[in-house]
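Undergrad: Structure provided below as structure tokens; questions to follow.
The values are calculated or read from the model by the stated rules, or taken from the named source; none is laboratory data. None of the values given here were measured: they were computed from a predicted structure. When we count neighbours, we look across all protein chains shown, and the Cβ atoms used for this are built from the backbone with ideal geometry, even at glycine.
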Amino acid sequence: MPFASPFAASGPEHVEEPVSYDGLLLAGFGGPEGQDDVIPFLRNVTRGRGIPDERLEEVAHHYRHFGGVSPINAQNRALKAALEAELARRGIDLPVYWGNRNWAPYLEDAVQDAAAAGDTTLLALATSAYSSFSSCRQYREDFARVLTETGLGERVTIDKVRQFFDHPGFVRPFVDGVEAAVTTFVTDEGIAPENVHVLFSTHSIPTADAQRSGPRDVDFGDGGAYAAQHLAVAQVVMDAVAAAVPAASGIPWELVYQSRSGPPSQPWLEPDVCDVIADLPARGAEAVVIVPLGFVSDHMEVLWDLDTEAMEAAEEAGLRAIRSQTPGVDPAYVSGLVDLVQERLAGTKAGDRPHETRLGPWYDVCRPGCCENVRAGFKPAAAGIAP
């Protein structure tokens with residue numbers, strides 16, 4: 001397996017030997033930071049798909065509504081600083097290099113900066129918790145591409161922390177947010193629990209991609225590992241909330257999707273969050289908690305699709321609505337991310353790694369054919385077994 005450290009190169013599911021990483025690569029999606037950046041950024045996101053600027057402008061208005069500035073870069077700057085502080089607090093001497101897939105600072109720059117500093121055994125932390133092409137394998141393909149295009153493939157290796165959808169540090173902020181919202185509706189406002197609905201929202205992806213998410217030799221059911229992971233985490237959140245607020249045990253919940261961008265002829269995961277909200281009054285709902293379960297911070301899909309469109313849908317439906325928090329730089333989340341780094345530095349046995357669902361702990365080294373992009377096929381990818 002190319003591009004990997006020696007312990008990850010042989011392809012065990014979990015690397016249970018200590019690895020002396022000398023740098024942490026924080027890998028983000030990237031976002032525009034001004035009106036002039038919006039279309040070039042969207043060209044980067046859709047590269048290779050031949051989408052004309054006129055169609056990109058249909059998406060650009062989301063960014064233009066906020067001055068052409070995506071909050072994601074500022075959020076990653078804050079996360080980088082928080083990670084550096086937590087690493088220092090624990091006495092872990094590991095520099096953090098930050099690079100994006102689609103906007104400056106780019107992954108190419110981060111990897112070259114690391115190599116110039118002599119940090120050549122890198123552990124990547126992608127700002128996405130779940131398994132799918134766009135949330136895992138595409139990052140891995142970009143790592144391989146960057147190492148090849150920069151000529152650093154013989155000097156630099158990039159491993160990756162496991163997908164952290166069910167790590168306690170990622171789950172805890174969602175529990176806190178849903179508990180606070182449910183308490184407001186049920187305890188403070190006296191709404192009957194069965195009339196409060198919780199919608200766990202995540203980014204929709206093509207159904208074909210969802211079915212190929214996760215290892216090819218495991219049947220995760222409809223929606224593949226992507227849907228299975230979200231459903232498992234949502235159940236953990238609701239169980240924890242019910243334990244803290246006993247009345248919450250009667251609250252209905254479901255997984256919904258948002259932000260689809262494909263042509264109408266292409267099947268994507270459903271139902272859409274706004275469609276479900278519109279239907280809730282007919283099901284007796286008086287209030288809705290909208291949980292951005294698929295997102296690590298309040299970036300554009302949260303600000304526009306949830307805070308704008310979903311909240312407008314709730315208002316039109318006559319529902320009280322609260323959008324709960326994302327992890328952001330919550331101390332539990334930041335500490336959990338450093339836990340993921342530390343378990344690789346220490347070679348922690350899989351059985352000793354914290355996880356909140358039966359699906360975890362997820363793999364350190366992605367399995368063959370994991371998270372295939374059915375439209376583009378397999379490209380070289382770091383941190384996993386070929387293809």
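So that you can scan it fast, the table gives a plain yes or no per residue for (1) loosely packed, with under 15 Cβ neighbours inside 10 Å; (2) over 21 Å from the mean Cα position of the chain (by Cα):
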{"residue": "254", "(1), (2)": "yes, no"}
{"residue": "268", "(1), (2)": "no, no"}
{"residue": "288", "(1), (2)": "no, yes"}
{"residue": "296", "(1), (2)": "no, no"}
{"residue": "317", "(1), (2)": "no, yes"}
{"residue": "321", "(1), (2)": "no, yes"}
{"residue": "325", "(1), (2)": "no, no"}
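Undergrad: Can residue 130 be described as within 30 Å of residue 285 (Cβ to Cβ), assigned by TED's automatic domain parsing to the domain that holds residue 33 and touching a residue at least 60 places away in the same chain (Cβ under 8 Å)?
TA: yes
Results for (1) surrounded by fewer than 20 Cβ atoms within 10 Å (Cβ to Cβ); (2) assigned by TED's automatic domain parsing to the domain that holds residue 116; (3) within 14 Å of residue 355 (Cα to Cα), shown as yes or no for each residue.
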residue	(1), (2), (3)
146	no, yes, no
149	yes, yes, no
155	yes, yes, no
173	no, no, no
177	no, no, no
182	no, no, no
185	no, no, no
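Undergrad: Please pick out the residue among 89, 77 that is out of contact with any strand residue (DSSP E or B) (no Cβ under 9 Å at 6 or more places or on another chain) and on the phi < 0 side of the Ramachandran plot.
TA: 89
Undergrad: Just checking, does the range 267-279 include any residue being in a strand (DSSP E or B) and out of contact with any Asp or Glu (no Cβ under 8 Å at 6 or more places or on another chain)?
TA: The answer is yes; a qualifying residue exists.
Undergrad: To continue, here is another question. Which residues, taken from the range 256-266, are in a loop (DSSP other than H, G, I, E, B) and either within 19 Å of the chain's Cα centre (by Cα) or among the aromatic types (Phe, Trp, Tyr) (or both)?
TA: 259, 260, 261
Undergrad: Working only within the range 32-52, note down all residues that are closer than 10 Å to residue 68 by Cα and of a type in the set (Val, Ile, Thr).
TA: Passing the criteria: 38, 39.
Undergrad: Inside the range 201-243, can you point out the residues that are in a loop (DSSP other than H, G, I, E, B) and of a type in the set (Phe, Trp, Tyr)?
TA: 220 - this is the single residue of the range 201-243 that is in a loop (DSSP other than H, G, I, E, B) and of a type in the set (Phe, Trp, Tyr).
Undergrad: In addition: Please enumerate the residues belonging to the range 6-38 that are among the small types (Gly, Ala, Ser), in a loop (DSSP other than H, G, I, E, B) and at pLDDT 95 or above.
TA: Answer for the range 6-38, where residues must be among the small types (Gly, Ala, Ser), in a loop (DSSP other than H, G, I, E, B) and at pLDDT 95 or above: 20, 30, 31, 34.
Undergrad: Okay, next question. Need a quick list: helices (runs of 4 or more DSSP H) entirely within the range 39-116 having at least 2 residues that are within 25 Å of residue 157 (Cα to Cα) and touching a residue at least 12 places away in the same chain (Cβ under 8 Å).
TA: 72-89, 107-116
Undergrad: Looking for whichever is buried (at least 21 other Cβ atoms within 10 Å of the Cβ), at pLDDT 95 or above, out of contact with any Asp or Glu (no Cβ under 9 Å at 6 or more places or on another chain) and in a helix (DSSP H, G or I) here; the options are 135, 128. Which one fits?
TA: 135
Undergrad: Among the residues of the range 330-343, are any touching a residue at least 60 places away in the same chain (Cβ under 8 Å), in contact with an Asp or Glu (Cβ under 7 Å, 6 or more places away or on another chain) and of a type outside the set (Ser, Thr, Tyr)?
TA: So far as the range 330-343 goes, yes, one or more of its residues are touching a residue at least 60 places away in the same chain (Cβ under 8 Å), in contact with an Asp or Glu (Cβ under 7 Å, 6 or more places away or on another chain) and of a type outside the set (Ser, Thr, Tyr).
Undergrad: In the set 29, 3, which member is among the aromatic types (Phe, Trp, Tyr), in contact with a strand residue (DSSP E or B) (Cβ under 7 Å, 6 or more places away or on another chain), within 14 Å of residue 127 (Cα to Cα) and buried (at least 16 other Cβ atoms within 10 Å of the Cβ)?
TA: Checking each option against the conditions leaves just 29.
Residue-by-condition table, conditions (1) crowded, with 21+ Cβ neighbours inside 10 Å; (2) assigned by TED's automatic domain parsing to the domain that holds residue 23:
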| position | (1), (2) |
| --- | --- |
| 307 | no, no |
| 312 | no, no |
| 340 | yes, yes |
| 343 | yes, yes |
| 348 | no, yes |
| 368 | no, no |
| 371 | yes, no |
| 375 | no, no |
| 380 | no, no |
